[in-house]
Every structure is written in structure tokens, then in C-alpha cells.
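Notes follow the structure.
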């Protein structure tokens, strides 16, 4: 017995020593960027199918679009695959001249035929992102006649709707309009699936990186593309590790096992700021949070009541003490830091003013209503803060917590009184949000597009007309002014209490440099260590 | 006396009977899960396409999911597919559910197996010692250990263990299954990293994988140890109050023989049941442990599936868990037959 015990402990000790030597502090290699991140939203890395945050960030690094944001000045649009472009025929035709000598990572040359194939397959595959390009009046039936390769270096597309050129370019800069290597993808099509199965977990693009592996809920590995047109990136490998728990992310970052931790809440960020080995970077995201007030519910139909509620949120207190830098105040529907943002937040927490407005509306004793909220943080915390500040004017707000999918089902089905909603635009153009917060041409139950305005049963013909006019306005400066005007009007009278905009707080090892964040992505190619 | 051949046929006959009950159980399982999926106030189409999709995409997916057909038709067509091993495609991973389960289950199996080994190898002796020293300090110590295993939140304990052994002492590797430097070095064969590493003869990968596993496995081990030790203690106390124990003691048998030979032998059938039950619970996937340790196992997968209202994945996972319990039950049955002469 004794001898056996001894042998067992010797074996255990040997095992531990072996592992301890192995687990000693391991800094990530100098040419490898390791990012701890939640990646479980990804379902595909095909530009024709991917529509989630992780997919968007990765795809921008492995593919290129015709045009895109200028990494040195995000407010500017610059040519990526395209060198120049012209709009003609009353802005119904766009012609793109491609840079010469471009190749895909596979070595195949990139020509206008690849652009034609890429756009066609997005529309014909009919997955979630298809609507982006269908906005141009393209359908699975007509798209073949709408896009064409004039020659190897010239791509031409017809636009079946009245869209301003700046809007067209903004849509084309979204990741779903990426150009794929048609030769390789076509060779791997199966049963007319446009290569959807093939491109699910690998890339065939011309971007700075190539996607090597994707293990769902584990890792994504990108390898640098030596043939990238602007030169091979400094980071030879970029690895995204799925770390669902934020405390684990922080631990990995502090130990140096990862270079960057993406999903840390405000208190963890605060704690890390004291650490000299860690730097924190803040960037605006386009995600907003707002209260939606259903216009089928009394007394939300009264303009004075809507206005009163806008004075009953403690915007400053909420962002400073509760949300700890994770959010900033945003009362208009288009986020700050993006072209045509309004950057005006006229409402403050003013109980007396709200009381006066309620009295004018004949509700001096307040009223009660139900607020539907997704049962996740920080939505619940925000709802509770609003509940408290509204009670000061005698308004009794009941919080109804539901599961995320249940919440969306009810919201899309108009089954609510008020909601705490959130939105992220599909492309970097104010129309992306105007089209949902302002536009509601058909308020009937079977409307073809269930916009946020529709869900809140809010139809304002003047607002609709203004939104439609802004879409078409060819003069860019004038168009920007139109969106600012639209935002002011919706903010003043719309059924929304704009609350906050999300700030992305990224913690990284101090040696990580030039971590450059764009509207929908991070430019891994610019990162140095 | 029973010949081994006769035993074998008895087992076979009973197995045939249980095969039918297994099939019925599985159909029942599918029915309940399917019904729950249809009763919850979540639109299965919205669950797939998300909040923003336009109406034409909605209508297309509605048809694709077969929701335009009567519910009973949907159910039978689903059962038919499952019978052919087709669990459909998961909405949130975009992969066939079978493929997803084949990738997450080995990770859980690996962790659960080490966990249950810790639980059994420590839990049974501790339970026996506690019973033999009932009321004394050994018993109290085991009680405290069991209570800790029961009541300290796994989530908190996991973080604390990580902070100490990974953050401060550097004895073990951090969250995840393997260090990046070792990732993808050995060919995937069973999906169980330690086994694949041994098969490839790559000891570096093996030690690294083991180093990643030791904390979460200990955590799981502690919770099953708590259960196993307490149950073993109570089974043993029952046995030790029996007359045959008094007889053995009266005959002058050493206390060690009385406890480990006589009493434990008679308690072993119950202890086996408890051990298999614990193993079953661990194989369901420990959601919190898997979250803290970024362990891509079944628990995390099922949680994601539930939050995404991904019915195919939920049913697939439920059936897998059901099947695991059924198999473990059958295994336990077989082991009883050998452990307990009366059932043979």
C-alpha cells in the first residue's frame, strides 16, 4: 500500500513538472497577432452569406471591395480594387476602372469578370446580405443584364433606382460587395450553390490576409498574403481565439498569451488602465440604443408626452456612472463619428420641464406602461436607470424581460407597448438608418418592409418624403444637410427616445501599435508589434 | 454456477428488450423537444434570419423550414430524417448538427472522463473513510470538502483557480484547449486531443493539452467527488450496521478487511450507479466550466443553441445527451450483472 502510494505521487509529480515547464510565460511571437474575442456569432465567411460582426471584421481583411474607407481618414471614400469611377446617364450607370496588375492570393489575375461574378452570386444566392445589392433594383432574374465587364479593367453597372452616387459608393464599400476569385470559386461550385459551401470557411480574395482555418467557437487563423497590392502586412499570422468569458480574456491578456482583448466590460477596462503593460483604445461604433414608443398605445400618440419622455432620462448619469465609458449619449438616429452625423444632443434630464409637458397633455399625475427589454446586460441596467428617472415625474414603467429571439419576434410582430431597441446600420451611409427609423411608406400589417418606424406604427408622410428625397440628392454636401435636417425632425417628433451609442473599448498589450479601427472592421494589416 | 456463455446470452436477450425501449425513449425525447420548440413564443424564421431581413427573405425561409405544412407533417418528416442520421443544419453555426456534435462532444468527453476519474478515485475512498470514522475529524473533513464541491459556485471557483495556478504560479496553461503554438500540430483522429497527441507520439502537444485540462477537470472532479463521497458514505454506513459486519468483527477479522472487503463489496452496486450517474451529468457538458475555461464542448454548444432558439441543434444535442444516458445505463446494467451474482 505504502509503496503504491509513493509510486503514484512520483508519477503525479513528474506529470506536473513536465507541464509546468511547458506552461511558463509565453509571449506571442513577434509576427503573430493573437486576439481574444467572442466569435460564436459567425456562421459563414462567404461574402454572399456572412452578415455578423465577426464575419464582417474578418472579411474586410481577406477580401477587397471596389471602393472603401480610407484607412488614414475614415470619413473619405477611396478606391481599393477600383482606381477611378464615373457616374453617367443621370446617375443610372456607374463605371469603374480597375487598377492594373492585381492578383488574387491564389495567383489568378483580378479582372472585371470577377466583379461581375461576385455581385451576381450575392444576388442569386439570395442569402441575408443579398438585399444590399438588390437595393440597386437588381433581382436574380435581371442582374445578368445590370452588371457587365466592358473589358478586363472596366466594370460597368446599371442602377435601376434613383440613388445618389455617394450612397451607391457607400453600399459598394460594404463587405458583402467583396470581389472573389471567380475562377477558383466556379471550379468549386456544387449543384449550382455558387460555391457557398466552398467559401464558408476559407477565403479566395485579394485582401491583405488569407483565411486558413475556422474552427467554430474555437479559432480563426489568418495568414498574410504575400501578393497583396500594398505589400505583405507586418503580421504574418492573425489568430482570433474564442474566449466567451471576459474575466478569462483579461487574464490571458495580462499574462501575455493574447495581444488584444476585445470583449471587456467597463469595470475590467478600468482595472486594466492602471497596468503599464496594457493600453486601452476607444472607438465609436455605429450601434445605438433607443426607446421605441408604439404609436398604437396611448398616450404615446400625444406629441407632448413623447417630448416629456425625452426629458426624463438621466443621460449624463447613465453614461458616466452606470455604463463606465462603454457608451456615450446619442439622441439622434445616426451615430457620431460617421459622415452626416448630427452631433447634437439637445435633451437633458429635466423633471420640471417634463412635468409641465405632461400637464399640458392632461397627464399631470403620470401614467404607466410596459417596456420590453432583452434579458442581457447592459440592456437591463439601462432599462432600470430609465425606470428610476421616469418615476420622478410619476410615470410607472414596468420592465418586461424576454429572451433575445423572443424579443425580436415580438418587436417584428408589433406585440409591445414600448421597447428598448438597438440597431446597427448595414452600410456606412446615413440612409442605412434613415431607411429604418424614418421611412414607413406602408403602415399596413402586411408591409413588405418591417422597418423600425413600421414596428412602432409611426408613419409621417412629410418625413417619408424627406427621406426619399435625400436618397436621390446627387450633391453630396446638400445631401448631408438633408440628413441632418431629417435627424432633427425625427428627434423632435418621432416615437423614439434616443439614448446612447456604443463605444468599443479594446485593451491591448502596450507593444501593439497602429491598431486602426474603421466603421465595420479593424485593419489588421496596419498593426505592428 | 453460471457459464460465461449463458451469461452472455442473458445479457444479449435483455439488450434486445432494452433496444426497443431505447428507440421509444428517443422518439419520446424528440417529440417533447419538438413540441417545446413549437410552443415557445419565438418565431423560428426570425431565429434563423435575424431581426433585419426583409419580408421576401422571411417568406423564402418560412417555406424552406417547411413551416407552411401542418405541424404533424413537420414532426414526421423530422423523425424520418433523424432516423437516417440527418439532424438538419444548425442555424447559428451554419453546419450540419451531426458535424457540430462530432466536434464538440469529444472535447466534453475528454474533460468529463478525467473529471469522473478524479471523482471516483478520490470520492469512493473518501466516502469509505468518512463512514468508517463516522463523527470523527476524518468525517468532518470529507463533509467540508463535499459541501465545498456542492455549494461553491463553479464559476467563481474556476476564476480563482485560474488566477492562482495560471495567473500567479504559472503551473498550468490558461483558458482554451491548447496553446496557439501547438494548435493544429497533430492530425485530428478522435477529436480527443490527448489521445490524438499520444497517437502522433507528440509529447509536447500531449503535455500542453493536459496542462490546459487539469484545472477544469479538477473542477468537474470536485463536484462529482462531492456527490460520490457523500453517497458512498451513506451506503457504507448502512452496510456497516448490518449483522454480517458484526459477525466478521466477532470472528476477529481486521477492521481494514471488514471495511474494504466485506462492506464495500456489498455497497459496490449502489456506488457504481452513483458513479455512472455522475459521469452522465458531466457528459451533458458543464456550461459554466466550459465558459470560464473557453472549452469548446457540448455545454457551451447547447447553451448557444438555446439562446439562438436553434431547434435543430437543441434537438440534436438533446438526443445525444439522451443517448449518452441510455448507453451509460446499459453499461451500468452490464457491470451489475458481473458485480452482483444475484442479478446474473
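The values are calculated or read from the model by the stated rules, or taken from the named source; none is laboratory data. All figures in this text were calculated on a predicted structure; none of them were measured in a lab. Here the Cβ is made from the backbone with ideal geometry for all residues, glycine too, and neighbour counts use every protein chain on show.
Please pick out the residue among A:464, A:443, A:511 that is surrounded by fewer than 17 Cβ atoms within 10 Å (Cβ to Cβ), more than 24 Å from the chain's Cα centre (by Cα) and closer than 28 Å to residue A:77 by Cα.
Just a single option satisfies the conditions, and that option is A:464.
Here are some conditions: (1) within 13 Å of chain A (Cβ to nearest Cβ); (2) buried (at least 22 other Cβ atoms within 10 Å of the Cβ). Residue B:180 meets all but one. Which one does it not meet?
Only one criterion in (1) within 13 Å of chain A (Cβ to nearest Cβ); (2) buried (at least 22 other Cβ atoms within 10 Å of the Cβ) is unmet by residue B:180, namely (2).
Residue by residue through segment B:34-80, note down the ones that are under 34 Å from the mean Cα position of the chain (by Cα), under 19 Å from residue A:50 (Cα atoms) and facing chain A (nearest Cβ under 7 Å).
B:46, B:47, B:49, B:50
For segment A:178-206, which positions are in a loop (DSSP other than H, G, I, E, B), in contact with a helix residue (DSSP H, G or I) (Cβ under 7 Å, 6 or more places away or on another chain) and closer than 16 Å to residue A:54 by Cβ?
Correct list: A:178, A:203.
Determine which member of the set A:75, A:88, A:50 is in contact with a helix residue (DSSP H, G or I) (Cβ under 8 Å, 6 or more places away or on another chain) and either surrounded by fewer than 24 Cβ atoms within 10 Å (Cβ to Cβ) or in contact (Cβ under 8 Å) with a residue 12 or more places away in the chain (or both).
Being in contact with a helix residue (DSSP H, G or I) (Cβ under 8 Å, 6 or more places away or on another chain) and either surrounded by fewer than 24 Cβ atoms within 10 Å (Cβ to Cβ) or in contact (Cβ under 8 Å) with a residue 12 or more places away in the chain (or both) holds for just one of A:75, A:88, A:50, which is A:50.
Scanning for something on the phi > 0 side of the Ramachandran plot, more than 14 Å from chain A (Cβ to nearest Cβ) and over 20 Å from the mean Cα position of the chain (by Cα), does segment B:241-260 turn up at least one residue?
Yes: one or more hits.
So which residues in segment B:311-330 are modelled with pLDDT under 85 and over 14 Å from the mean Cα position of the chain (by Cα), if there are any at all?
B:311, B:330, listed by residue number.
Can you say whether residue B:70 is farther than 30 Å from residue B:335 by Cβ and at pLDDT 85 or above, as far as the supplied structure shows?
yes
Just one of (1) in contact (Cβ under 8 Å) with a residue 12 or more places away in the chain; (2) surrounded by fewer than 22 Cβ atoms within 10 Å (Cβ to Cβ) trips up residue A:327, so point out which.
For residue A:327, the exception is condition (2).
Return the residues of segment A:300-319 that are farther than 12 Å from residue A:349 by Cβ and either within 26 Å of the chain's Cα centre (by Cα) or part of a loop (DSSP other than H, G, I, E, B) (or both); say none if nothing qualifies.
Once the filter is applied, which keeps residues that are farther than 12 Å from residue A:349 by Cβ and either within 26 Å of the chain's Cα centre (by Cα) or part of a loop (DSSP other than H, G, I, E, B) (or both), segment A:300-319 yields A:300, A:301, A:302.
Residue A:266 is checked against (1) free of Cβ contacts under 8 Å to residues at least 24 places away in the same chain; (2) more than 25 Å from residue A:109 (Cα to Cα); (3) more than 9 Å from chain B (Cβ to nearest Cβ) and fails just one. What number does that condition carry?
(1)
Could you say whether any residue in segment B:145-152 is crowded, with 20+ Cβ neighbours inside 10 Å and either more than 23 Å from residue B:322 (Cα to Cα) or within 21 Å of the chain's Cα centre (by Cα) (or both)?
Checked against the condition, which is being crowded, with 20+ Cβ neighbours inside 10 Å and either more than 23 Å from residue B:322 (Cα to Cα) or within 21 Å of the chain's Cα centre (by Cα) (or both), segment B:145-152 yields at least one hit.
Of all residues in segment A:485-519, which are touching a strand residue (DSSP E or B) at 6+ places or on another chain (Cβ under 8 Å) and either free of Cβ contacts under 8 Å to residues at least 60 places away in the same chain or not in a strand (DSSP E or B) (or both)?
A:490, A:491, A:495, A:510, A:512, A:513, A:514, A:515, A:518, A:519 - these are the residues of segment A:485-519 that are touching a strand residue (DSSP E or B) at 6+ places or on another chain (Cβ under 8 Å) and either free of Cβ contacts under 8 Å to residues at least 60 places away in the same chain or not in a strand (DSSP E or B) (or both).
Failed condition for residue A:378, given (1) at pLDDT 95 or above; (2) more than 19 Å from residue A:491 (Cβ to Cβ); (3) under 37 Å from the mean Cα position of the chain (by Cα), with all others met?
Only one criterion in (1) at pLDDT 95 or above; (2) more than 19 Å from residue A:491 (Cβ to Cβ); (3) under 37 Å from the mean Cα position of the chain (by Cα) is unmet by residue A:378, namely (1).
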